[in-house]
Amino acid sequence: MASLPSIKAIKATAGHGSGGRLTQQLTRRILAHFETPAPQGEQAPAFQHTFQMEDCAFIGGDMAVSTDGFTVFPHDFPGGNIGKLAVCGSANDLAVRGVRPLFLTLALIIEEGLDLDDLDRYMESAAETAREGGIELVAGDTKVVPHGAADKLFVTTCAIGKKESPHTLQTSNLREGDLLILSTSPGRHGAALAAARVGLGAPGLLSDCALLWPALSPLLPFPELRCMRDCTRGGLGTVLCEWAEASSLGVEIVETNIPSHPSVDSVCDILGLDSLYLASEGCALIAVAPERGEECLASLRQNPTCRDAAIIGRAVSAHPALVGMKTQIGGLRFVDMPTGEILPRIC
């Protein structure tokens with residue numbers, strides 16, 4: 001058996017679900033059990049990785065699959081609920097790799113005592129979102145567990161789709177000088193949930209939970225499109241760090257170029273949060289060659305969910321595998337991946 005990546009904690013903690021460093025360690029620990037042994041007699045590492053850390057996996061040529069579990073709290077939040085989130089979350093993992101979402105499986109773990117009228121509402125929201133995206137429900141499962149064994153409702157989805165990008169979008173495509181475009185202001189999902197949990201009034205603040213395919217699909221014909229990622233757990237900061245580390249390039253962003261929402265800033269100020277690490281559920285980071293930057297930006301802004309899209313930085317050769325942010329006062333702040341839980345159960 002392969003040696004397992006070390007995790008300091010003996011037992012799982014909430015931080016292992018943060019999307020940051022601890023999540024990376026936990027994921028690698030799990031995947032180590034599925035590694036493929038190297039052929040006997042060959043000079044190779046004891047085990048070879050069979051997985052790439054991307055949002056979905058390609059199977060059988062142009063078909064791709066992604067799976068996700070949803071435990072969000074509260075189940076209803078400004079701008080959506082667990083049903084809408086479950087469909088958007090899985091479908092968006094396909095969309096950022098140039099894959100049109102086509103089919104969905106849906107598995108429910110229901111706690112005894114859940115109000116079935118609430119269940120109807122969540123499922124209607126999921127169905128409406130699926131219809132909006134042209135996604136067909138093809139399989140599912142339902143389990144009911146005793147009271148106290150779950151928090152009312154957990155949802156697991158699996159999305160399947162077909163690649164429509166003429167080339168494969170992946171982090172290894174990143175090149176020095178590539179521009180980084182953010183499709184909308186980050187952190188609205190996490191901020192909306194944080195405000196709802198503490199009863200904090202945040203006028204105009206709604207989760208950005210939405211299907212990304214309509215906004216991203218017009219970019220696919222551009223051969224200079226490198227890669228895309230939705231900024232879910234761990235937020236924009238985590239995605240930037242993952243890209244820098246996976247590509248061995250440096251990343252530089254400009255703080256004043258990042259689109260912001262006034263209510264997100266207010267929630268962060270009051271609760272001591274950092275919007276760089278708050279989850280989004282309808283926001284994508286996009287890397288494209290510099291000669292296509294303005295054209296991609298103009299295309300995104302045609303979609304009503306991306307009116308505030310902006311070029312926030314670029315890939316650089318300096319400080320490889322590190323992310324630097326030029327601050328409002330002219331300094332350079334290094335952005336690291338979070339090591340603990342910022343806001344638990346955001347998806």
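Tabulated data
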quantity: Test result for Cys296, in contact (Cβ under 8 Å) with a residue 12 or more places away in the chain and crowded, with 21+ Cβ neighbours inside 10 Å; calculated: yes
quantity: Qualifying position, being touching a strand residue (DSSP E or B) at 6+ places or on another chain (Cβ under 9 Å), at pLDDT below 95 and under 19 Å from Val251 (Cα atoms), among Ala318, Ala284; calculated: Ala318
quantity: Candidates Leu271, Leu236, Leu216, Leu206 - the one that is at negative phi and over 18 Å from the mean Cα position of the chain (by Cα); calculated: Leu271
quantity: Matching entry among Ile110, Ile135 (being more than 24 Å from Glu54 (Cα to Cα), in contact with a Phe, Trp or Tyr (Cβ under 9 Å, 6 or more places away or on another chain) and not assigned by TED's automatic domain parsing to the domain that holds Leu249); calculated: Ile110
quantity: Pairs where the first residue, in segment 320-336, is over 15 Å from Thr256 (Cα atoms) and the second is of a type in the set (D, E, K, R), C-beta under 8 Å, 6+ apart; calculated: Ala321/Glu245; Val323/Glu252; Val323/Asp336
quantity: Whichever residue in segment 169-183 is farther than 9 Å from Ser247 by Cβ and among the small types (Gly, Ala, Ser) and, among such residues, is surrounded by the fewest Cβ atoms within 10 Å (Cβ to Cβ); calculated: Gly177
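Every residue, every condition in (1) outside any loop (DSSP other than H, G, I, E, B); (2) within 15 Å of Asp208 (Cα to Cα); (3) not assigned by TED's automatic domain parsing to the domain that holds Gly324, yes or no:
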| residue | (1), (2), (3) |
| --- | --- |
| Val264 | yes, yes, no |
| Asp269 | yes, no, no |
| Leu273 | no, no, no |
| Ala287 | yes, no, no |
| Gly293 | yes, no, no |
| Cys296 | yes, no, no |
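The values are calculated or read from the model by the stated rules, or taken from the named source; none is laboratory data. Only a predicted model underlies this, so the values are computations on that prediction, with no experimental measurement involved. Backbone-built Cβ (ideal geometry, glycine too); neighbour counts: all protein chains shown.
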